[in-house]
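Quick notes on the structure that follows.
The values are calculated or read from the model by the stated rules, or taken from the named source; none is laboratory data. Model, not experiment: these values are computed from the prediction. Because the Cβ atoms are built from the backbone with ideal geometry, glycine has one as well, and the counts that use them run over all protein chains shown. These area figures cover heavy atoms from the full protein model, side chains too; ligands, DNA and RNA do not enter into them. Shrake-Rupley method; radii C 1.70, N 1.55, O 1.52, S 1.80 Å.
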Amino acid sequence: MDKIICFFESELSEIKSERNVLLSSLSTFKIGGPADIAVYPESREELITSLRAAKRSGIRYTVIGNGSNILFDDRGYRGAVIVTGRIRDVGVDGNIITADSGVPFTALAARAAAEGLSGLEFAYGIPGCVGGAVVMNAGAYGGAVSDVLLSSDYYDTVRDETVTISHGDHGYGYRKSVYMDCPERVVLGAVFSLTYSDSDSVRAKNEENMNARRSKQPLEYPSAGSVFKRPEGYFVGKMVEDLGLKGFLVGGAQISEKHGGFIINRGGATAEDVLKLIRYTEEKVYREYGVELECEIRYIPDK
Ligand SMILES: Cc1cc2nc3c(=O)[nH]c(=O)nc-3n(C[C@H](O)[C@H](O)[C@H](O)COP(=O)(O)OP(=O)(O)OC[C@H]3O[C@@H](n4cnc5c(N)ncnc54)[C@H](O)[C@@H]3O)c2cc1C
């Protein structure tokens, strides 16, 4: 393995990278052991170079944004974790905003407000990057990426080419897109079409959404957001509450007392703790309601 990592590093040339990075530092859950190597490209070109290097060296890799929808393994990750968070160009042309994959989604919503553009207010407070949001079709408060996305660019690691796809080719559904479970397509950036408005009212809506988050979500603890997708006709938080599971602890992981749909890291939680809690909740909900919960958080195994 060391030979592969050395070769991979040599192919990266000037691109920043670091060995034995604790993945807890790259995820909002603050969980995860060491990755063999983490790479921090600073432009779309560097991201493509990193992916080509991974392919040439044969190293296993995964691409992440802000790690806000991810549960890393306690044993870490054998291979390279490629972090897009430093690829941050934004362009505005009239009501069209173009953003690189690493642009924080909240910062993009703030930029839209500053430009007097409406449509991204739902994104204000979602702690992910544009790439992760496009992949997950992130959404909140009645809005979602699929409502405002015009197109996205991705790098196809198999065909070694950059492709642009328009809205209709994203296969968008609730927390669903063509990018999911398709590691050969890496999102480089996206184009959003917004509507003209005025900065004050857009900012006010952003703040209203942020305040709603603060009052309902356990933002004071590390987490990866809602653990489960919303099953049709049910609310996870309500089912969890009615089952008396709020506050239930496994090791350092706890079902939030503030929001039953969140699992929080009370300190020292392991991925194993979280996975046990997820399985326990799934079982209880299935037995009581006959509802099969589907996990929204992406678990990334060590190998
Ligand atoms: C407190 C809290 C609140 C949240 N609230 C919401 C909410 O209201 N609505 C909502 O939808 N989500 C919410 N989330 C979840 C999360 O923020 C979103 O899913 C977000 O869009 C993930 O972005 P990310 O950059 O962190 O992606 P990551 O977690 O880094 O990655 C998510 C997935 O996308 C893949 N990926 C990331 N970047 C790329 C890329 N460039 N190309 C290809 N694949 C990529 C990863 O491999 C992984 O499978 C919340 C999370 C937290 C912690």
- Item | Selection count, segment 122-164, where residues are hydrophobic (A, V, I, L, M, F, W, C), in a strand (DSSP E or B), open to solvent by less than 20 Å² (accessible area, probe 1.4 Å) and more than 8 Å from the ligand (Cβ to nearest atom) | 1
- Message: Let me confirm something: among Ser27, Ser13, Ser57, which residue is hydroxyl-bearing (Ser, Thr, Tyr) and closer than 30 Å to Gly125 by Cα?
- Response: Ser27
- Could you look through segment 165-175, keep only residues that are assigned to a strand (DSSP E or B) and within 20 Å of Asp100 (Cβ to Cβ), and pick out the one that is nearest to the ligand (Cβ to nearest atom)? Ile165
- So Lys176, is it in contact with a Ser or Thr (Cβ under 8 Å, 6 or more places away or on another chain), open to solvent by 40 Å² or more (accessible area, probe 1.4 Å), closer than 23 Å to Leu71 by Cβ and outside the structural domain of Ile70 (by TED's automatic domain parsing): no
- Task: Go through the residues of segment 46-65 one by one and say whether even a single one is of a type in the set (A, V, I, L, M), more than 13 Å from the ligand (Cβ to nearest atom), touching a helix residue (DSSP H, G or I) at 6+ places or on another chain (Cβ under 9 Å) and under 27 Å from Glu272 (Cα atoms).
- Result: yes
- Residue count, segment 66-81, condition open to solvent by 20 Å² or more (accessible area, probe 1.4 Å) and over 16 Å from Val21 (Cβ atoms), comes to 2
- Within segment 192-215, the count of residues that are in contact with a Ser or Thr (Cβ under 9 Å, 6 or more places away or on another chain) and of a type in the set (D, E, K, R) comes to 2
- Item | All positions within segment 209-241 that are free of Cβ contacts under 8 Å to residues at least 24 places away in the same chain, surrounded by fewer than 16 Cβ atoms within 10 Å (Cβ to Cβ) and part of a helix (DSSP H, G or I) | Asn211, Arg214, Ser215, Lys238
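Which members of segment 17-59 meet the condition of being open to solvent by 60 Å² or more (accessible area, probe 1.4 Å) and farther than 11 Å from Ile5 by Cβ?
Glu18, Leu22, Ser25, Lys30, Glu42, Glu45, Arg52, Lys55, Arg56
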- Message: Out of everything in segment 204-239 that is basic (Lys, Arg) and within 18 Å of the chain's Cα centre (by Cα), what residue ends up being nearest to Leu117 (Cα to Cα)?
- Response: Arg213
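Just need a number here: residues in segment 176-208 that are charged (D, E, K, R) and part of a loop (DSSP other than H, G, I, E, B). Can you show your working first?
Keep residues of segment 176-208 that are charged (D, E, K, R), which gives 176, 181, 184-185, 198, 200, 203, 205, 207-208.
Then drop every residue that is not part of a loop (DSSP other than H, G, I, E, B), which leaves 181, 184, 198.
Residues that pass the stated criteria total 3.
Looking at segment 282-293, can you tell me whether even one residue there is more than 27 Å from Leu22 (Cβ to Cβ), in contact with a Lys or Arg (Cβ under 6 Å, 6 or more places away or on another chain) and surrounded by fewer than 21 Cβ atoms within 10 Å (Cβ to Cβ)? Don't jump to the end; show me each part of the working.
So in segment 282-293, the residues more than 27 Å from Leu22 (Cβ to Cβ) come out as 282-293.
Keeping just the survivors that are in contact with a Lys or Arg (Cβ under 6 Å, 6 or more places away or on another chain) gives none.
Checked against the condition, which is being more than 27 Å from Leu22 (Cβ to Cβ), in contact with a Lys or Arg (Cβ under 6 Å, 6 or more places away or on another chain) and surrounded by fewer than 21 Cβ atoms within 10 Å (Cβ to Cβ), segment 282-293 yields no hits at all.
So for segment 260-276 (the condition being among the basic types (Lys, Arg), in a loop (DSSP other than H, G, I, E, B) and in contact with a helix residue (DSSP H, G or I) (Cβ under 9 Å, 6 or more places away or on another chain)), does at least one residue qualify?
We begin by selecting, within segment 260-276, every residue among the basic types (Lys, Arg); these are 266, 276.
Retained after the next criterion (residues that are in a loop (DSSP other than H, G, I, E, B)): 266.
Restricting the remaining residues to those that are in contact with a helix residue (DSSP H, G or I) (Cβ under 9 Å, 6 or more places away or on another chain) gives none.
The answer is no; no qualifying residue exists.
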- Message: Among the numbered criteria (1) within 12 Å of the chain's Cα centre (by Cα); (2) of a type in the set (Gly, Ala, Ser); (3) on the phi > 0 side of the Ramachandran plot, which one does Gly94 miss?
- Response: (1)
- Of the listed residues (Ser201, Ser197, Ser256), the one being within 13 Å of the ligand (Cβ to nearest atom) and of a type in the set (Ser, Thr, Tyr) is Ser256
- Item | Condition broken by Glu296, with the remaining ones in (1) open to solvent by 20 Å² or more (accessible area, probe 1.4 Å); (2) within 13 Å of the ligand (Cβ to nearest atom); (3) within 17 Å of Leu219 (Cα to Cα) satisfied | (3)
